[in-house]
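Structure, as structure tokens:
Since every read-out is calculated from the coordinates, none of them should be taken as a lab result. This structure is a prediction, so every number in the text was calculated from the model and none was measured. Here the Cβ is made from the backbone with ideal geometry for all residues, glycine too, and neighbour counts use every protein chain on show.
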Amino acid sequence: MSPTQLCIVFIGLALVPLTPATAQFSGSRGAVGEGRDQTQGSTGLAPLDPEVAQGYITIEGKAELRVKPTEIRVVLAVTAEGKTPSECKLKVSDTIKSLTAAWMAAGIAQESIVEDFIAVLPRYEFDIEKIRDQDVAVEKKAGYLMQTNLHLAVKNDVKAMEAINLAFEKDVADIIAFDYWSKELDEMKIKARAEAVKAAQEKSVTLLGALFEQQPPLINLQESTRVYYPESLYESLYESFTNSNDAEYETSYSRRDIPVLRTFRPKNTYYRGLYPDGDVQSKELPMQSEISIVSTVRLYFESPASKGRPTSKKSENLPR
């Protein structure tokens with residue numbers, strides 16, 4: 001290779017963008033899109049219908065407040081198999097007694113533990129029998145499976161994990177749900193609503209006061225306050241994505257009699273938090289599961305063009 005060619009190669013390498021390096025700062029999520037439009041609501045505004053534009057003006061205020069949970073309910077399933085329902089009941093009861101004793105020794109009160117019986121279901125298996133000189137798979141009852149859920153109330157995530165670790169020691173690993181609750185929800189909803197009203201009023205003074213000699217009168221309003229629990233909106237607050245660079249070559253395993261066992265891969269799921277893009281929002285990163293309260297207040301002002309303006313039906317009959 002000539003010196004000139006080497007120079008061209010080095011210059012080309014120097015101009016290559018550092019995408020792989022910068023992508024590392026975004027973790028496994030880097031270069032992966034979930035179909036979200038990151039610029040939605042921040043670029044263009046759709047033009048209003050003439051009737052709407054001349055009828056009223058709307059100004060909206062949105063506020064989000066995060067509330068730390070004061071209680072967490074953890075639901076775990078205790079299951080057992082046996083030949084008879086009574087055998088299942090005995091096994092489940094022994095596990096519950098042992099786990100309850102461990103929780104109480106860790107400082108959890110008896111009234112914070114509630115049993116919730118779910119079901120006892122028969123379990124079936126197939127036996128191969130000869131019927132008229134032919135092998136037949138005959139289904140027969142092989143036993144029973146019983147499930148009882150334990151509802152446990154704790155104060156925070158730390159206590160919840162301590163209780164779960166004790167459950168793991170008793171071979172109870174089926175975690176059904178995490179439910180978050182706060183005793184301050186009613187007060188925080190009032191506060192979020194007031195913040196949304198304040199944001200809408202400030203925006204109306206800034207926009208209408210700067211553009212109109214006299215501020216148009218307020219003619220109506222709308223209000224919506226919603227509570228977002230981490231467990232109720234999993235897809236909104238938790239994000240899952242696929243970002244894999246697996247080398248797959250399965251030609252040699254195309255035979256149906258050879259099963260394929262894949263290596264475990266961690267679940268690409270993390271707590272993303274709620275980003276409502278409001279006028280008032282938390283100043284802290286969403287580092288842990290919290291309850292979000294989002295209040296939206298929309299103010300309707302009379303458009304100056306609405307006074308004396310003919311309706312659409314009358315306007316159609318006017319001479320052109």
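Taking segment 105-173, which trypsin sites (Lys or Arg not before Pro) meet the DSSP loop condition and have no more than 10 other C-beta atoms within 10 Å?
Listed in order of number, the matching sites are ARG132.
Which lysines does LYS283 reach when only Cα atoms under 21 Å apart count, and residues fewer than 8 places away in its own chain are ignored?
Partners found: LYS62, LYS68, LYS189, LYS191, LYS198, LYS203.
Taking amide hydrogens as modeled 1.01 Å from N in the peptide plane, which residues meet the under 5 Å criterion relative to THR70, leaving out close sequence neighbours?
Amide H neighbours of THR70: TRP181, SER182, LYS183.
Would you mind checking the pairs LYS97/LYS140; LYS89/LYS140; LYS97/LYS155 and listing those with alpha carbons more than 28 angstrom apart?
From LYS97/LYS140; LYS89/LYS140; LYS97/LYS155, over 28 Å: LYS97/LYS140.
So if I place +1 on the C-beta of Lys and Arg and -1 on the C-beta of Asp and Glu, and nothing else carries charge, what would the dipole magnitude of segment 70-215 be about its Cα centre? I want it in debye, nearest 20.
240
What ³J(HN,Hα) values, in whole Hz, does the Karplus curve 6.51 cos²θ - 1.76 cosθ + 1.60 give for segment 292-306 when θ = phi - 60°, with x put for Gly and Pro?
9, 10, 10, 10, 10, 10, 10, 9, 10, 10, 5, 6, x, 6, 6
Tell me the relative contact order for segment 115-192 as a rounded percent, counting alpha carbon contacts under 8 Å between residues six or more apart.
25
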